[in-house]
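Quick note: the coordinates plus some simple rules give every number you see, no bench work behind them. Worth saying up front: this structure is predicted, and the values here are computed from it rather than measured. Because the Cβ atoms are built from the backbone with ideal geometry, glycine has one as well, and the counts that use them run over all protein chains shown.
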Amino acid sequence: MCWLFLTIIGMNMRHLKYNHLFTLVGGILILLTSCTKDLTDVTVVYENNFNNGDPKGIVTAGWLTNYSFGVFPFTKITNYKNLKMLGVFNNTRIDLHVDKLPAHTIIKVEFDLYLHDAWKNELWLMSFDGQHRLLTGFSNDSNIPQAYPNWLNSGPTFPAGNQAQEIYLPGVCILKDDKRGTSKYKIVHTMQHQLNAFDLSLSDAGGGKNDTCTRSWAIDNLKISALKN
């Protein structure tokens, strides 16, 4: 809106008399100052496309055996359709701690979420600073509805693949030959935040432990930004 006013003023400047120009210039300076107050200062505090195989501080925990849950001693980065991504996971949690944040009022998290093979509305969870921000379910089976974007068991369900960017992608294991074996979602979530550190946690539950052939997930292009108005 500010730039529209400035454009209109510029179009009519040739009709103004010289003694009005100083008043006009002063008004433009005030208008420009008010316009810049609406701008948002965005600082990217973490970014990773996993192309170099570095998890950059992400810790992965899961079932080491059928009876022992702990941190995996290796990095889970795999290739899918010529893309490197963090995964694949099943009954697994990934954690990231980012500190020394600049002054901010909002934290923004965004990433690509890939859901491989036989998802049937099983639980998937995202938490910020230990608080659940999204507890939902996804489905790749056209006969089984999913909770997303609603919370699991809260509100109506939706057709499988609802709000996905892509649903006609091959799976990675039991549905690798299925034209609808993987769905891709763009997850973008913001929260009011002023702390100097931030913790992100992503996890899932359901099915057999570490059964990444039946059902798994992965992420790519993870970016966390601190916003200040």
Paramagnetic reach from Val59 (point 7 Å along Cα→Cβ, amide N under 12 Å) across region 94-121: 94-98
Residue separation between Leu195 and Asn49 times 0.36 nm, minus their alpha-carbon distance, gives in nm 50.0 nm
Classify region 190-229 as rounded, prolate or oblate, taking a ≥ b ≥ c as the square roots of the eigenvalues of its Cα gyration tensor: rounded when a/c is under 1.5, otherwise prolate if a/b is larger than b/c and oblate if not. prolate
By the gyration tensor of its Cα atoms, with a ≥ b ≥ c the square roots of the eigenvalues, what is the shape of region 79-229: rounded for a/c under 1.5, prolate for a/b over b/c, or oblate? prolate
Under the rule rounded for a/c under 1.5, else prolate if a/b exceeds b/c, else oblate, using alpha carbon gyration tensor axes a ≥ b ≥ c, region 158-200 is classed as prolate
